[in-house]
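The values are calculated or read from the model by the stated rules, or taken from the named source; none is laboratory data. Since this is a predicted model, take the numbers as computed values, not measurements. Neighbour counts are summed over all protein chains in view; Cβ atoms, including those assigned to glycine, are modelled from backbone coordinates with ideal geometry. Remember, those area values only see protein heavy atoms, side chains included, never the ligands or the DNA or RNA. Shrake-Rupley method; radii C 1.70, N 1.55, O 1.52, S 1.80 Å.
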Amino acid sequence: MTAAVNTQALVNDITSALKDKPGALLPILHGIQDAIGYVPPDCVPDIAKALSLSRAEVHGVISFYHYFRTTPPGQHTIYLCRAESCQALGSEDLETYAKEKLGIDFHETTADGKFSLEPVYCLGNCACSPAMQIGHDIYGRVSADSFDAALAELQQAELEPSA
Amino acid sequence: MTITVYVPNDSSAVSLGADRVAKAIAAEAEQRGISINLIRNGSFGLYWLEPLVEVATEQGRVGYGPVQASDVSSLFDANFLQGGTHALSLGIVEDLPYLKKQQRLTFARIGKTSPTDLNDYLANDGYRGLANALAISQADIVKAVTDSGLRGRGGAAFPTGIKWNTVLNTQAEQKYIICNADEGDSGTFSDRMVMEGDPFVLIEGMTIAGIAVGASQGYIYLRVEYPHAHIALNTAIANAYQAGYLGEDIQGSGKTFHLEVRLGAGAYICGEETSLMESLEGKRGLVRFKPPLPAISGLFGKPTVVNNVISLASVPIILDKGGDYYRDFGMGRSRGTLPLQLAGNIKQAGLVELAFGLTLRELLYDFGGGSASGRPIKAVQVGGPLGAYLPESQFDTPLDYEAFAAQWTVLGHGGVVVFDDTVDMAKMAKYSMEFCAIESCGKCTPCRIGSTRGYEVMDEIINGHNVEQNTKLLRDLCNTLLNGSLCALGGMTPYPVLSALNHFPKDFGIDEPAQVA
């Protein structure tokens with residue numbers, strides 16, 4: 001209950017701070033997703049009201065863009081590049097490996113809530129293919145081994161609370 | 001004297017461990033009691049050598065690479081701070097042939113400077129173009145850009161000066177400059193390198209564009225997949241505002257130009273200019289019908305210049321050195337330089353800025369050094385996911401808009417993705433259809449439905465079902481996409497599909513020689 005109230009308050013804060021910008025909807029959706037990891041369908045009516053749009057229009061925008069999600073992501077979202085340059089250096093094998101390793105397909109989250117897996121069509125790291133992004137961190141020349149190492153590092157970092 | 005050490009902050013260099021290297025160098029220097037000045041520069045784009053560490057010496061900047069954090073201690077032992085010899089020594093970086101053979105105009109500063117340091121920008125010819133622009137009339141600024149022969153570097157190659165002239169001559173109380181930084185093409189990263197490695201050159205180019213056409217507001221529409229560029233741009237914009245290079249009364253000229261970065265949300269179609277404007281207006285990124293041209297009725301219905309990052313970043317040098325200077329590079333109607341991006345299965349992947357006219361073969365072998373796997377190069381996709389695949393027989397084509405167009409290929413944004421002989425071109429053709437289906441905005445039927453049907457037909461062909469009949473169907477479908485789509489997504493997906501089919505029929509299970517499209 002409290003969490004829901006907090007989310008709504010947060011959404012309202014973000015919406016009222018940005019609603020007067022020209023073309024405010026995308027900045028608002030980014031603001032919400034940055035803050036809580038996704039755009040809860042419950043907040044659509046509030047956003048629509050603040051921008052004098054219909055709920056359908058807001059929903060239409062959220063569903064148009066691949067980046068916006070309406071369900072909570074895992075603790076870490078792994079973006080694997082599927083584009084041509086990465087394919088030229090074996091990204092398909094990496095994709096198969098990652099899916100098997102995590103036991104999930106694209107657009108899914110592991111049962112323990114740790115990892116979500118998303119496809120991405122180019123990270124602009126094409127000179128260092130195959131490429132992957134986790135959070136804001138970009139990885140180049142990713143192999144099965146370095147994929148494992150990156151995940152292990154993330155799990156290690158959780159065990160060591162930062163100072 | 002404090003020694004200056006450079007470790008790139010470019011996201012590709014970081015993806016290979018540059019942050020760890022920088023940290024290790026700082027820690028090792030402190031431990032050894034040596035005072036160093038560590039600068040996080042942009043990347044020169046010699047990515048097989050990244051992370052590329054440089055040390056400023058009297059002879060010039062001496063390079064080491066590719067450096068990993070575990071190499072740092074031995075670099076100190078080898079006295080690299082004085083340019084000492086190490087297994088990773090590269091000599092003077094500027095003298096490396098890959099760099100020395102280039103003609104860097106737009107990328108003149110990238111790799112050399114500290115990207116968001118305004119003083120460094122000013123000390124390296126920054127804002128000279130703006131100073132000249134402020135001293136001449138709006139029409140003369142536009143004339144300089146027209147004279148330079150600059151054509152849109154996003155891929156469509158429309159003359160930039162003509163676009164600016166239309167906006168200049170359209171009366172309105174509000175006009176806009178939009179930088180299209182939705183660099184979604186696979187195999188391209190030159191926009192990213194500019195935004196991360198020299199953001200002020202883009203800001204300066206946009207400011208000049210704003211002053212030239214009378215637009216007081218600019219937007220950089222940046223793809224969300226570029227978080228490092230986002231940070232660099234916002235930092236540079238804040239610095240430019242603080243120093244009076246953005247905002248009201250720029251450098252005491254009485255001119256106003258405001259600039260804001262807006263993020264996309266993972267839609268490839270928003271790199272199409274009308275879809276981009278819909279997105280900026282807060283809507284679904286549906287393609288608009290043209291006319292009206294954006295230059296007459298664009299963002300919020302106002303006259304709008306929409307230019308790619310590289311086009312705008314080429315403006316400062318044109319205003320600094322003159323349209324003629326820029327025009328003297330290149331061939332035919334392709335004037336100036338093009339930053340080419342070598343990617344995929346290539347030994348020396350990276351950024352190569354050159355005057356138009358080099359052949360693809362020279363680029364692949366003289367710069368690229370052949371495939372990374374050591375196997376023969378089978379196909380090269382030039383111009384992003386909507387660009388044609390070129391077989392070896394077309395490698396002698398000069399890199400020039402018209403020469404490429406003459407053989408049904410495109411130069412696009414200058415991305416070059418290399419595949420060795422293990423690639424299955426039928427699979428690549430199927431992927432092109434899949435990509436079009438995933439990224440179609442859905443407004444026009446050929447693209448929305450045709451891409452999915454194309455994916456299914458390719459599946460049939462790959463599975464060997466009625467190959468002859470299905471190939472005919474595929475060609476027919478491609479013809480509909482080519483002629484009936486509203487924008488380049490549906491309209492150009494046939495380029496990779498049909499070029500794969502025509503040049504590599506065996507991969508489609510066809511033995512007879514290819515028909516001509």
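Here are the numbers for the structure shown:
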{"read-out": "Any hit, region B:453-464, residues being under 27 Å from the mean Cα position of the chain (by Cα), assigned to a helix (DSSP H, G or I) and closer than 22 Å to residue B:383 by Cβ", "value": "no"}
{"read-out": "Top-ranked residue of region B:25-59 - restricted to ones that are touching a residue at least 60 places away in the same chain (Cβ under 8 Å) and out of contact with any helix residue (DSSP H, G or I) (no Cβ under 7 Å at 6 or more places or on another chain), ranked as nearest to residue B:352 (Cα to Cα)", "value": "B:48"}
{"read-out": "Region B:1-24 residues that are open to solvent by 30 Å² or more (accessible area, probe 1.4 Å), paired with ones that are assigned to a loop (DSSP other than H, G, I, E, B) and of a type in the set (Ser, Thr, Tyr) (beta carbon under 7 Å, 6 or more apart)", "value": "B:2/B:35"}
{"read-out": "Given (1) touching a residue at least 60 places away in the same chain (Cβ under 8 Å); (2) surrounded by fewer than 24 Cβ atoms within 10 Å (Cβ to Cβ), index of the condition residue B:244 fails", "value": "(1)"}
{"read-out": "Of all residues in region A:21-64 being away from every other protein chain (no Cβ under 12 Å) and in a loop (DSSP other than H, G, I, E, B), the one that is farthest from residue B:223 (Cα to Cα)", "value": "A:54"}
{"read-out": "Residue in region A:126-147 that is surrounded by fewer than 16 Cβ atoms within 10 Å (Cβ to Cβ), part of a helix (DSSP H, G or I), out of contact with any Gly (no Cβ under 6 Å at 6 or more places or on another chain) and not polar (S, T, N, Q) present", "value": "yes"}
{"read-out": "Residue that is farthest from the other protein chains (Cβ to nearest Cβ) [pool: residues in region B:279-291 that are surrounded by fewer than 24 Cβ atoms within 10 Å (Cβ to Cβ) and within 15 Å of residue A:58 (Cβ to Cβ)]", "value": "B:283"}
{"read-out": "Single condition residue A:73 does not satisfy, out of (1) in contact with a strand residue (DSSP E or B) (Cβ under 8 Å, 6 or more places away or on another chain); (2) within 13 Å of chain B (Cβ to nearest Cβ); (3) open to solvent by 30 Å² or more (accessible area, probe 1.4 Å); (4) in contact (Cβ under 8 Å) with a residue 24 or more places away in the chain", "value": "(2)"}
{"read-out": "Residue selected from region A:106-125 under the condition assigned to a loop (DSSP other than H, G, I, E, B) and aliphatic (A, V, I, L, M), by the criterion least open to solvent (accessible area, probe 1.4 Å)", "value": "A:123"}
{"read-out": "Any hit, region B:433-445, residues being within 17 Å of the chain's Cα centre (by Cα) and buried (at least 20 other Cβ atoms within 10 Å of the Cβ)", "value": "no"}
{"read-out": "Residue count, region B:360-378 (criterion: farther than 15 Å from residue A:129 by Cβ, open to solvent by less than 30 Å² (accessible area, probe 1.4 Å) and within 21 Å of the chain's Cα centre (by Cα))", "value": "4"}
{"read-out": "Residues of region B:39-73 satisfying the condition of being closer than 18 Å to residue B:13 by Cβ, surrounded by fewer than 16 Cβ atoms within 10 Å (Cβ to Cβ) and away from chain A (no Cβ under 13 Å)", "value": "B:70"}
{"read-out": "Region B:255-266, residues that are open to solvent by less than 10 Å² (accessible area, probe 1.4 Å) and within 11 Å of another protein chain (Cβ to nearest Cβ)", "value": "B:264, B:265"}
{"read-out": "From B:341, B:348, residue being open to solvent by 10 Å² or more (accessible area, probe 1.4 Å) and either more than 14 Å from every other protein chain (Cβ to nearest Cβ) or more than 19 Å from residue A:66 (Cα to Cα) (or both)", "value": "B:348"}
{"read-out": "Filter result (under 30 Å from residue B:204 (Cα atoms) and part of a helix (DSSP H, G or I)) within region B:64-96", "value": "B:93, B:94, B:95"}
{"read-out": "Unmet requirement for residue A:68, which otherwise passes all of (1) open to solvent by less than 30 Å² (accessible area, probe 1.4 Å); (2) of a type in the set (Phe, Trp, Tyr); (3) free of Cβ contacts under 8 Å to residues at least 40 places away in the same chain; (4) more than 9 Å from chain B (Cβ to nearest Cβ)", "value": "(4)"}
